[in-house]
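Here the structure comes first, spelled out in structure tokens, and everything after it is commentary.
Every number in this text was worked out from the coordinates using simple rules, so none of it is lab data. Being a predicted model, the structure only gives us computed values, none of them experimental. Glycine also receives a Cβ, built like all others from the backbone with ideal geometry; neighbour counts cover every protein chain displayed.
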Amino acid sequence: MEAKKRIVYLGTKPIGAHCLEYILDRREELDVEVIAVGTRERKEFAGSNAVADLAARHHIPLLEHPDAIPECDIIYSVQYDKILKQQHIDKASRIAVNLHLAPLPDYRGCNQFSFAIFNGAEVFGVTIHEIDTGVDSGDILFEDRFPIPGDIWVKELFDISVDRGKQLFESTLKDIIAGSYVKVPQASLTGERGLHLYSRKDIGWLKRIDLEEPASKTARRIRATYMPGFEPPYVLVGGSKLFLKAAED
């Protein structure tokens with residue numbers, strides 16, 4: 001009998017907990033074993049420590065650092081915030097994959113929802129891709145792209161993307177485990193889709209409102225960055241930040 005596939009799971013945020021629980025609830029059916037879990041608490045998100053709670057409940061070792069990733073068949077990352085080095089990726093004998101809550105190669109990196117809104121994107125999506133040593137640059141395995149309305153706010157786009165991400169994860173998990181996928185290099189799509197890469201620090205300048213810019217641009221900036229639980233958009237006055245606050249907050 002073939003041995004169970006060994007999975008190292010790396011995840012944060014509520015969606016990270018959802019996907020881990022989905023695997024654990026079906027581990028007999030899928031013939032897999034989660035042998036280690038990596039996570040980090042995100043205080044901005046309710047229930048952000050649920051990944052660690054799940055690992056403890058199922059007696060799965062928690063990894064302090066990617067250097068501690070053990071030999072396995074598959075590494076699966078869902079909203080994990082550390083870039084894996086080749087030495088980490090090589091621990092997976094089959095593949096290392098990531099669920100990215102944005103379309104690729106259109107929106108790599110962080111805060112993709114905000115920049116898609118600010119850029120006036122008409123299409124968004126979620127993607128499962130192979131992990132390489134770049135930032136969300138590995139081959140695409142599965143994706144779900146969808147139109148977005150022009151007046152959407154970042155919280156709405158985030159919620160839609162989380163729901164679509166869960167669906168994509170669940171509908172393709174068996175194929176990931178079985179190796180039933182076709183790898184599509186992102187380089188073959190950049191001409192058609194474009195390529196943006198944003199870092200964590202870029203959200204800072206996106207939140208800064210310039211009162212001299214067109215009102216339509218300011219409106220996009222606010223819709224793109226006003227997210228409950230996070231620092232809101234602001235105006236600089238005398239070197240101090242004056243934050244915008246929704247009337248109902």
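Quick notes on this one:
- Restriction of the trypsin sites (Lys or Arg not before Pro) in region 120-210 to DSSP coil positions whose beta-carbon has at most 16 other beta-carbons within 10 angstrom yields K183, R200, K201.
- Placing unit charges on each Cβ (+1 for Lys and Arg, -1 for Asp and Glu) gives region 5-198 a dipole about its Cα centre, and among Q79, T127, F158 the Cα reaching farthest toward its positive end belongs to Q79.
- Nitroxide proxy distance, nm - points 7 Å out along Cα→Cβ at V135 and V235: 3.1
- Working from label points 7 Å from Cα in the Cα-to-Cβ sense, the L62 to E212 distance is 5.0 nm.
- Relative intensity, log₁₀ I(q)/I(0), of the chain from a Debye sum that treats every alpha carbon as a point, q = 0.08, 0.17 Å⁻¹: -0.33, -1.29
- In this structure, the residue pairs whose Cα-Cα separation is over 23 Å, taken from K155/K183; K5/K183; K91/K166; K91/K183, are K155/K183; K91/K166.
- Where trypsin sites (Lys or Arg not before Pro) fall in DSSP loop in region 48-117, at most 16 other Cβ within 10 Å: K82, K85
- Region 8-22 residues near the modelled A178 label - backbone nitrogen below 20 Å, point 7 Å along Cα→Cβ: 22
- Length available on full extension from L197 to D90: 0.36 nm per residue minus the Cα-Cα distance, which gives 36.0 nm.
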